[in-house]
């Protein structure tokens, strides 16, 4: 296609500490291509890896639709780590260089997740993936957030946190300071290493590449009844409920009904964790009504890109 073809496509990105999802939509908002790439949270993966993942995902959808970068009218990206103005500026500059005809909007993955669940309306999301956070907005547009401030000070109940607890449980069992667990027989196999020294080296090099990978194993063993894995999941459920409680307090929703959507890769992977979290939410937030998101965050980012163009008075 030549440069005379109008820029009429929209790109939406959802990027976190584990993967990036990208959706390309046509001028009617219809998704025409999708792709996945590696992590694109610049604060966790680094800017170089984030650029590579975003470029790879974008290039894949353009190739599948047989169009070029100049045919993209608007880009919206919801990324982990984009709560900082400096991150937003650098990522927006990258997109403007990559898609020269596009209007660009960079925001947090919490904003796109909230859009996916509630559009521009009110509600709360409880996001649990590589990281974790709760984020809500009321009818007046007031927002509140809890968590999502990085693995060393926050992100309780996330895949990173659950994996870190699993590794610690194996160390305690090895040193006879904690109970035996089925994790001990599986963890080193998961990481393809013979023992603790090699695993410690992997953690020192890139903790994000180690801890979240243990989450599916803990989920599997918890569902099979391993006591240590179950205890880890119970703590995760309590921590995630804490995040939601924090947002309820921030929005003064203690005495009213509200909608809550659970989002992210931690949800729906373990029957034990899902059940434990539902129990915690019912006990501590009895006025929450659990709902499902109507679209993925990447699809929501496309919708936000379309809205951005309309707000500027342009014909998409």
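Please treat every number below as a calculation from the coordinates, not as lab data. These numbers were taken from a predicted model, which means no experiment stands behind them. Cβ atoms come from the backbone with ideal geometry, glycine included; neighbour counts cover every protein chain shown.
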* **For 62, 43, 114, order by how many other beta-carbon atoms lie within 10 Å, fewest first** => 43, 62, 114
* Asked: Against the longest principal axis of the chain, how steep is helix 196-205, in degrees 0 to 90 to the nearest 10, with axes from Cα atoms?
  -> 30 degrees
* Taking only C-alpha pairs under 8 Å that are 6+ residues apart, what is the relative contact order of the range 67-191 in percent? -> 15 percent
* Give me 295, 124, 263 ranked fewest to most by other Cβ atoms within 10 Å of their Cβ, as a rough exposure proxy. => 295, 263, 124
* Specify the angular offset, from 0 to 90 degrees and rounded to the nearest 10, of the alpha carbon long axis of helix 271-284 from the longest principal axis of the alpha carbons in the chain. => 80 degrees
* Springs between alpha-carbon atoms under 10 Å, Gaussian network over the chain: tell me which of 286, 179, 297 tops the mean-square fluctuations. => 179
* Asked: Which part of the range 105-122 falls in the paramagnetic zone of residue 140, meaning amide N under 17 Å from the point 7 Å along Cα-to-beta-carbon?
  -> 121-122
* What number, in percent, do you get for the relative contact order of the range 77-149 if the mean sequence gap of Cα pairs under 8 Å and at least 6 apart is divided by its residue count? -> 23 percent
* To do: Could you calculate the contour length gain from residue 175 to residue 238, that is, 0.36 nm times the residue separation minus the distance between their Cα atoms, to one decimal place in nm?
  => 20.0 nm
* Using only Cα atoms, tell me the angle between helix 47-65 and the longest principal axis of the chain; keep it within 0 to 90° and round to the nearest 10. => 60 degrees
* What length, rounded to one decimal in nm, is gained on full extension from residue 48 through to residue 231, with 0.36 nm per residue of separation minus their alpha-carbon distance? -> 62.1 nm
* Calculate for the chain the 222 nm mean residue ellipticity that helices alone would give, adding -39,500 (n - 2.57) per DSSP H run of length 4 or more and normalising by residue count, nearest 500 deg cm²/dmol. => -14500 deg cm²/dmol
* **Pairwise centroid distance, computed over Cα atoms, of the range 35-99 with the range 106-139, Å** => 20 Å
* **Ranked 96, 262, 90, criterion: other C-beta atoms within 10 Å, fewest first** => 96, 90, 262
* **Estimated distance in nm for a label pair at residue 256 and residue 201, the labels positioned 7 Å out from Cα along Cα-to-Cβ** => 5.7 nm
* Normalised contact order of the chain, rounded percent, pairs of Cα under 8 Å and 6 or more residues apart -> 21 percent
* Segment residue 36-residue 192, extension gain: residue separation times 0.36 nm, minus the distance between their alpha carbons -> 53.7 nm
